[in-house]
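In what follows, a single structure is set out as structure tokens and then discussed.
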């Protein structure tokens, strides 16, 4: 294994960037609030955990 870290570059997360964003997906599978969300390295899938103790895997490309 390599000990090199990868640097990710992108646009800084400023107030103007945040206010320009809109809702892209509403997760309706959970009965309570989502407490965690994470994406795979390619951004194809995301997994959520919620207060109702459920875990859901979503295909980001298919919706």
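Restricting attention to region 2-39 and to residues that are at pLDDT 85 or above and surrounded by 10 or more Cβ atoms within 10 Å (Cβ to Cβ), the residue that is farthest from residue 55 (Cα to Cα) turns out to be 17. Whenever a residue of region 23-51 is at negative phi, its partners that are in a loop (DSSP other than H, G, I, E, B) and loosely packed, with under 10 Cβ neighbours inside 10 Å, lying with C-beta atoms within less than 6 angstrom and at least six residues away or across chains, give the pairs 44/61; 51/33.
The values are calculated or read from the model by the stated rules, or taken from the named source; none is laboratory data. Every value quoted in this text rests on a predicted model; they were computed, and no experiment measured them. For neighbour counting, all protein chains shown are included, and Cβ atoms are generated from backbone atoms with ideal geometry for every residue, glycine included.
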